[in-house]
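S.K.: One structure, pasted below without further comment.
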């Protein structure tokens, strides 16, 4: 089994993508504990609410990357992303090591060494097999990252369950206790914006499937999840803020028929930006004025993937 590479550096900086989620932050917590006092966690900006809850629970401190007084000898590790759009704080900087589980489709940030496994449910899953942690805090952090990015094991493999079983046994917590640690109730602003965004929703039919398209002023990922829970098979929600953004989500039954990471990769080009993510949850960012055009491209590419999968199914039946 592969082990984490030995690093001979006086200081190791662990960072991750903008708005660090539980997978990125959980991985950073475990890796920092593994590397010891010579490591520190430097976030590009404020992590998500759930990630900050994990940082508080584990008593882990972090600072902003912009506050660092970087030295040429610093060893920089990037977790959970290789997208230039998601790593703006690394502009002009070549990381020494990158650990990521997203599919590499082109245009990634170039690191000196890359550990990538797109079959893994999460970066935390990869780190479990690299670090083999036994301490309680690291195990809790990695397990919460796995739970979060595997959508509570909906996108799990046998390796995911193996890692989760070992981590749970060393966590001294029950699974329900872990879930309560990761639970963050909907905020007032999320609920309000979801209701306000409802008039923008359009539902398109693709065979026997429903593609929902919408615009929101904020919390686009949250609203995309709501549209799927309401009955959409696939949902794309655009947002115009400091930049243009689109979040894509789909229901479990579409797995293998639609690959949102590939759609968002192409949509990122349309937006003069970047896109990617997971098969079942992905996003793209780019120019403000490109969002409506990009949503039309989302619909077109999604329809093409559904049609292709249906034709493949028919051919399989005929054979």
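S.K.: Select from 111, 51, 284 the residue whose mean-square fluctuation is largest in a Gaussian network model of the chain (Cα-Cα springs shorter than 10 Å).
M.R.: 111
S.K.: How high is the relative contact order of the chain? Use alpha-carbon pairs under 8 Å, at least six apart in sequence, and give a whole percent. Spell out each step's value before the answer.
M.R.: Working: 644 pairs, mean separation 39.2, N = 319.
Relative contact order comes out at 12 percent.
S.K.: What's the extension gain from residue 6 to residue 195 if we count 0.36 nm per residue and subtract their Cα-Cα distance? Walk me through the numbers before you get to the answer.
M.R.: Details: separation 189, 0.36 × 189 = 68.04 nm, distance 5.08 nm.
Gain in length upon complete extension: 63.0 nm.
S.K.: Testing the spin-label approximation: label points 7 Å from Cα along Cα→Cβ at residue 117 and residue 187. State their distance in nm.
M.R.: With each label point 7 Å from Cα toward Cβ, the separation is 3.4 nm.
S.K.: OK, next. Using only helices, what value at 222 nm comes out for the chain when you add -39,500 (n - 2.57) per DSSP H run of length 4 or more and divide by the total residues, to the nearest 500 deg cm²/dmol? Present the calculation step by step, with values, prior to reporting the outcome.
M.R.: Values: 10 runs with 129 residues, N = 319.
After summing the helix terms and dividing by the residues of the chain, the value is -13000 deg cm²/dmol.
S.K.: Another question about this same structure. Checking the a/c ratio against 1.5 first, then a/b against b/c, what shape does the Cα gyration tensor give for the chain? Write out the running numbers ahead of the final one.
M.R.: Working: a/c = 1.65, a/b = 1.49, b/c = 1.11.
Prolate.
S.K.: Then there's this: So for 265, 188, fewest C-beta neighbours within 10 Å to most, what's the order?
M.R.: Numbers: 265 22, 188 8.
In order of increasing Cβ crowding within 10 Å: 188, 265.
S.K.: Residue 204 to residue 159: FRET efficiency via 1/(1 + (r/R0)^6), r the Cβ-Cβ distance, R0 35 Å, to the nearest 0.05?
M.R.: On the way: r = 37 Å, r/R0 = 1.04.
Step by step, r from the Cβ atoms, then E = 0.45.
S.K.: Out of the DSSP beta bridges found with both residues in the stretch 188-318, what percent are antiparallel (nearest 5)? Could the numbers behind the result be given before it?
M.R.: On the way: 22 of 29 bridges.
Percent antiparallel among DSSP bridges in the stretch 188-318 is about 75.
S.K.: Right, here's the next one. Whole angstrom only: what separates the Cα centroid of the stretch 230-267 from the Cα centroid of the stretch 55-112?
M.R.: After rounding, the separation between the Cα centres reads 25 Å.
S.K.: Now for a separate question. Which ordering of 171, 165, 18 is given by a fewest-first count of other beta-carbon atoms within 10 Å? List each step's numbers first, then the result.
M.R.: Values: 171 22, 165 10, 18 18.
In increasing order of surrounding Cβ atoms, one gets 165, 18, 171.
S.K.: Further, regarding this structure: Of all DSSP beta bridges located in the chain, what percent are antiparallel, nearest 5? Working shown, then result.
M.R.: Values: 22 of 46 bridges.
Taking every DSSP beta bridge with both residues in the chain, the antiparallel ones total about 50 percent.
S.K.: Using Cβ contacts closer than 10 Å as the measure, can you line up 295, 79 from fewest to most? Don't jump to the answer; show the numbers that get you there.
M.R.: Numbers: 295 20, 79 29.
Lowest count first: 295, 79.
S.K.: So for the stretch 188-318, averaging the separation of alpha carbon pairs under 8 Å that are six or more residues apart and normalising by length, what relative contact order in percent results? Spell out each step's value before the answer.
M.R.: On the way: 274 pairs, mean separation 24.5, N = 131.
Here the relative contact order equals 19 percent.
S.K.: Something else about it: Assuming R0 = 25 Å, can you tell me the calculated FRET efficiency for the pair residue 135 and residue 241, based on Cβ-Cβ distance, to the nearest 0.05? Don't jump to the answer; show the numbers that get you there.
M.R.: On the way: r = 39 Å, r/R0 = 1.58.
Computed FRET efficiency for residue 135 and residue 241: 0.05.
S.K.: Under the definition of Cα pairs under 8 Å and six or more residues apart, what whole-number percent is the relative contact order of the stretch 139-192? If you can, show how the numbers build up before the last one.
M.R.: Working: 24 pairs, mean separation 21.8, N = 54.
Relative contact order for the stretch 139-192 comes out at 40 percent.
S.K.: Assuming R0 = 35 Å, what is the FRET efficiency of residue 255 and residue 66, from their Cβ-Cβ distance, to the nearest 0.05? Present the calculation step by step, with values, prior to reporting the outcome.
M.R.: Numbers: r = 39 Å, r/R0 = 1.11.
In this case the efficiency is close to 0.35.
S.K.: I need the shape label for the stretch 12-182. Rule: rounded when a/c is under 1.5, else prolate if a/b > b/c, else oblate, with a, b, c from the alpha carbon gyration tensor. Mind dumping the intermediate values first?
M.R.: On the way: a/c = 1.76, a/b = 1.38, b/c = 1.27.
Because a/c hits 1.5 or more and a/b exceeds b/c, the stretch 12-182 counts as prolate.
S.K.: As a test, work out the antiparallel percent of DSSP beta bridges whose residues both lie in the stretch 203-245, rounded to the nearest 5. The partial results should precede the final answer.
M.R.: Working: 6 of 12 bridges.
Counting only bridges with both partners in the stretch 203-245, antiparallel ones make up about 50 percent.
Read-outs: derived from the displayed coordinates by stated rules, not from any lab. Keep in mind it's a predicted model, so treat the numbers as computed, not measured. Neighbour counts run over all protein chains shown; Cβ positions are idealised from the backbone, glycine included.
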